[in-house]
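Worksheet for the structure shown next.
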Amino acid sequence: MYVIKKMMWNNLLDIIEEYHHIYIYGYAAPGKWLAAQLLHTGKIRNFIDSDSKVSGQSYDGVVVKSYDETFKELESKEKHESSILINTVFAIQDVWEKAEKLNITRQIALGIYLEGHNPHPIANQSEEFIRYSLKCVNLAHVYYFSNNDLFLRSVDLMVTERCSMKCKDCSNLMQYYEKPTNIKFEILKRDIDQLLSNIDHLFEIRLIGGEPFVHNDIYKIMEYTTNLNKISFVSLYTNATIPLKETSLTCHKINLDRLIFIITNYGPEFSRNLDHNIKLLEKLKIPYKADPPTGWTDSGQIVHIDRTEAEVTELFKNCCGKNLLTISDNKLYRCPFAANADRLSGIPSDPDNYVELTEGQSKLEEYTGHISYIPACRYCMGRSWDSPEITPAIQTQKSIDYEKFSRLK
Ligand code: SF4
Ligand code: SF4
């Protein structure tokens, strides 16, 4: 087992000196940042990423290959061609052991070696965003190897069932709510307090919906969550249909240092306030990311598929949504699909779908780290990395009818 102690960025630079080739696991911001720092060595072979949709893409001339492709390429190579893999993935628990199976001499975790690094901005990513991403890798990796404390990387706090858009394939199932409502501040506060009383640290709480800015109390929710000591960051997931208010952001006691915005840019017809919002975020030095919708899959349907035990286990293992922990009504679910399908009575009621927030640390630990699947997976199309892409954000005029499988049991 890896022995955890704080290491300096210079230690990483010393270690890579010993190897001929470098592989970078993860094509998100930390992986790209790392590639930019190590490009001068001329040793980087390729990125490896679990998402097969990014295979073939490149950054700074370094190409992304899938795990399977890299596995095959390395199989025939002799171990004496010394190589090192630097793991940059936030959800390191999902890839560490998998990466150990590659014919690579040594694997190290980037997050352990970030003391004294410089969060230089990279193309399309501000210094603030890089700082946030590296902090996440740092905490996720340190807690993964320290083993003693209960650390959660990210939890979705669903603040509303309402959205200013109505995407027919919304993977959070907003398209099915006939009379959507906002969740009351007191309920949200109760749930987040309950969760935090059972864990040691939460890197990020994602305020999500629907569109969080349709909630009248959203600035109050931001104020409350950004001042909780066990949380490093509060992320707002927004479609930029609603203008941000400077006075609300600055007059409330919101801790702006802990805020980050993840904006989906649906184009001028919908994301009408994109420019206004970005200008304000830049003025207040709040990190943000604004990208068009990509990678949508057909995961917004409630269906009943008669899967065997082995099939449903495999579906869960390959699901990219299984760590999108979601709070809904005093319960923690593995994903927004399960949370909303249950809320909508779309699936049979089953206590194995969630853990009650009052159930305590050991139950939470078991549910978030050691289960093979949840019953809701039998009603889901799945979200594997290689699912075919669909056209994003096709709008529906009214809520969509769906079968209530809750009546099955
Ligand atoms: S913008 Fe579309 S995908 Fe996003 S929450 Fe609203 S309905 Fe869902
Ligand atoms: S229900 Fe299961 S398969 Fe569907 S998104 Fe959630 S974890 Fe993945």
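The values are calculated or read from the model by the stated rules, or taken from the named source; none is laboratory data. Nothing here was measured: the structure is a model prediction, and the numbers come from that model. Cβ coordinates were reconstructed from backbone atoms using ideal geometry, including for glycine residues, and neighbour counts include every protein chain displayed. Keep in mind that these areas ignore ligands, DNA and RNA; they rest on the heavy atoms of the full protein, side chains included. Shrake-Rupley method; radii C 1.70, N 1.55, O 1.52, S 1.80 Å.
Reported count of residues in region 81-122, each being in contact (Cβ under 8 Å) with a residue 60 or more places away in the chain and basic (Lys, Arg), is 1. Residue count for region 106-123, restricted to those that are within 25 Å of Ser55 (Cβ to Cβ) and either aromatic (Phe, Trp, Tyr) or modelled with pLDDT of 95 or more (or both): 6. Select from region 327-342 the residues that are near ligand 2 (Cβ under 9 Å from one of its atoms) and either farther than 11 Å from Ala376 by Cβ or under 14 Å from the mean Cα position of the chain (by Cα) (or both) and list them in ascending order. Selection gives Arg334, Cys335, Pro336. If the condition is being open to solvent by 10 Å² or more (accessible area, probe 1.4 Å) and of a type outside the set (Val, Ile, Thr), then region 313-324 contributes Glu314, Leu315, Phe316, Lys317, Asn318, Cys319, Cys320, Lys322, Asn323, Leu324.
The criterion of at least 3 residues that are out of contact with any Pro (no Cβ under 8 Å at 6 or more places or on another chain) and open to solvent by less than 10 Å² (accessible area, probe 1.4 Å) is met, among strands (runs of 3 or more DSSP E) falling completely within region 208-312, by 231-238.
When each of Ser171, Ser235 is tested for being within 16 Å of ligand 2 (Cβ to nearest atom), small (Gly, Ala, Ser) and modelled with pLDDT of 95 or more, the lone residue that passes is Ser171. Within region 133-173, being open to solvent by 20 Å² or more (accessible area, probe 1.4 Å) and part of a helix (DSSP H, G or I) holds for Lys135, Asn138, Leu139, Val142, Tyr143, Tyr144, Ser146. Quick one: would you say Ser372 is outside any helix (DSSP H, G or I) and more than 16 Å from ligand 1 (Cβ to nearest atom)? So Ser372 fits the description; yes. When we screen Ser146, Ser126 for residues that are farther than 22 Å from Thr226 by Cβ and out of contact with any helix residue (DSSP H, G or I) (no Cβ under 6 Å at 6 or more places or on another chain), the only hit is Ser146.
Among the residues of region 174-187, those that are open to solvent by 10 Å² or more (accessible area, probe 1.4 Å) and within 26 Å of Ile390 (Cα to Cα) comprise Met174, Tyr176, Tyr177, Glu178, Pro180.
Applying a threshold of 7 Å to beta carbon distances and a minimum spacing of six or more residues, or different chains, the list of pairs starting in region 60-74 at a residue that is closer than 13 Å to Tyr27 by Cα and ending at one that is of a type in the set (S, T, N, Q) and assigned to a loop (DSSP other than H, G, I, E, B) reads Val64/Ser55; Val64/Gln57; Lys65/Ser55; Ser66/Ser55; Tyr67/Ser50. Within region 340-389, the set of residues being of a type in the set (A, V, I, L, M) and under 25 Å from Gly26 (Cβ atoms) comprises Ile371 only.
Is region 333-341 home to any residue that is open to solvent by 50 Å² or more (accessible area, probe 1.4 Å), at pLDDT 95 or above and not in a strand (DSSP E or B)? No, because not a single residue in region 333-341 is open to solvent by 50 Å² or more (accessible area, probe 1.4 Å), at pLDDT 95 or above and not in a strand (DSSP E or B).
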